[in-house]
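All remarks here apply to the structure that follows.
Since every read-out is calculated from the coordinates, none of them should be taken as a lab result. Nothing here was measured: the structure is a model prediction, and the numbers come from that model. Neighbour counts run over all protein chains shown; Cβ positions are idealised from the backbone, glycine included.
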Amino acid sequence: MNDNIKLNNLKVCLNAMFQCFAKGEYENALKYALCVLEIREKTLPTDHPNIGKSHYNTGVIYSELGKYEEALEHYTRALEIRKNTLPPDHPDIGKSHYNTGVVYSELGKHEEALEHCTRALEIRKNTLPPDHPDIATTCNYIGYVYSHLCKYEEALEYLTTSLEIYKKVLPPDHPDIAFPINNIGVVYTDLGKYEEALEYLTISLGIRKKSLPPNHRNIATTHNNFGIVYRRLGKYEKALEHYTTALEIRKNTLPKNHPYIANLHTNIGKLYTYVGKYEEALKECVTVYMPPRNEHSRRRN
């Protein structure tokens, strides 16, 4: 295959990858991403920045598919290449650290997640204005990780910082503002402060309903978190209503074997167990495709 044909194939695969990704066709996007990676690995030096870019893009797609081990493999390789070819505080290294941290957290490895997200925050503070949205995004996720580590004071500190920055630079109903608000609600849930949790989750859901399509996955996240609060309060009908809404949205927007769908089946199964409906609980359990990691779905940005 001559160089012109390879170049044309590369352009075709790149365009197809981005188009499929934009439409949410992640399986197809992955096929094209792997095609791009293969071409670049055959035609470029081992540590070429474009190979790093391909590994990064492939990691993003695997993450969207809920295949976090595969995502981590590609993010790790992208980070290695970027460290070898870019200045230490380059924004792309910050992106790689951030997404690597996100995947580690999805895998339940929160200490590793904190290490990478903290490095991402350092880079972003060194290269961006203090009120940049990317700093807010990183603070939000660090707060999320701290909550998983049961370090709630630190979690609230970072989530509050994220919210303050977002409020300075974004319109009041921007969907990104809902991220730290949702996560603050989750922290209060873990602390047993259910009135405060419901207050924050209500604000988060209101923003998301105003600013996102009705079947957006982040609306499902907030419904799931409402379900957790109501279940702990013993209000099982309300909990089931929110869980069911979240499950319907996720089934319409995620691959059928995505762990977030398994998470909701598990939460609904627990709920049926509490009310003595064991047959319904068993049905939910046998539909679980992958073992859930945490009942909350406090998704990042």
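Considering the stretch 176-220 alone, what residues qualify as being of a type outside the set (Ser, Thr, Tyr), farther than 25 Å from residue 152 by Cβ and surrounded by 15 or more Cβ atoms within 10 Å (Cβ to Cβ)?
209, 216, 217, 219, listed by residue number.
On the given criteria, is residue 98 buried (at least 23 other Cβ atoms within 10 Å of the Cβ), without any contact (Cβ under 8 Å) to a residue 60 or more places away in the chain and either of a type in the set (Lys, Arg) or touching a Cys at 6+ places or on another chain (Cβ under 8 Å) (or both)?
yes
Within the stretch 50-72, how many residues are over 21 Å from residue 260 (Cα atoms) and surrounded by fewer than 19 Cβ atoms within 10 Å (Cβ to Cβ)?
So the answer is 2.
Out of curiosity, is residue 127 surrounded by fewer than 20 Cβ atoms within 10 Å (Cβ to Cβ), more than 25 Å from residue 175 (Cα to Cα), out of contact with any Ser or Thr (no Cβ under 9 Å at 6 or more places or on another chain) and not aliphatic (A, V, I, L, M)?
Spelling it out, it is not the case that residue 127 is surrounded by fewer than 20 Cβ atoms within 10 Å (Cβ to Cβ), more than 25 Å from residue 175 (Cα to Cα), out of contact with any Ser or Thr (no Cβ under 9 Å at 6 or more places or on another chain) and not aliphatic (A, V, I, L, M).
Quick test of your reading of the structure: residue 36 fulfils all but one of (1) buried (at least 18 other Cβ atoms within 10 Å of the Cβ); (2) under 28 Å from residue 127 (Cα atoms); (3) over 20 Å from the mean Cα position of the chain (by Cα). Name the failing condition by number.
Single failed check for residue 36: (2).
Is there any pair linking a residue in the stretch 63-89 that is without any contact (Cβ under 8 Å) to a residue 40 or more places away in the chain to one that is assigned to a loop (DSSP other than H, G, I, E, B) and polar (S, T, N, Q), with Cβ under 9 Å and at least six apart or on different chains, and which?
81/46
Looking only at the stretch 219-275, which residues are in contact with a His (Cβ under 7 Å, 6 or more places away or on another chain), among the hydroxyl-bearing types (Ser, Thr, Tyr) and within 21 Å of residue 187 (Cβ to Cβ)?
The answer is 230, and nothing else.
Can you give me the number of residues within the stretch 24-41 that are of a type in the set (Asp, Glu) and not in a helix (DSSP H, G or I)?
1
Being under 18 Å from the mean Cα position of the chain (by Cα) and surrounded by fewer than 16 Cβ atoms within 10 Å (Cβ to Cβ) narrows it down to one residue among 149, 163; which is it?
Result: 149 is the single residue among 149, 163 that is under 18 Å from the mean Cα position of the chain (by Cα) and surrounded by fewer than 16 Cβ atoms within 10 Å (Cβ to Cβ).
If I ask for residues that are among the charged types (D, E, K, R) and under 25 Å from residue 250 (Cα atoms), which ones from the stretch 47-86 would you list?
Selection gives 64, 67, 69, 70.
Pick out the one residue from 221, 202 that is in a helix (DSSP H, G or I), touching a residue at least 24 places away in the same chain (Cβ under 8 Å) and hydroxyl-bearing (Ser, Thr, Tyr).
221
Let me spell it out: the conditions are (1) within 30 Å of residue 49 (Cβ to Cβ); (2) in a helix (DSSP H, G or I), and residue 129 meets all of them except one. Which number is the exception?
With (1) within 30 Å of residue 49 (Cβ to Cβ); (2) in a helix (DSSP H, G or I) applied to residue 129, the lone miss is (2).
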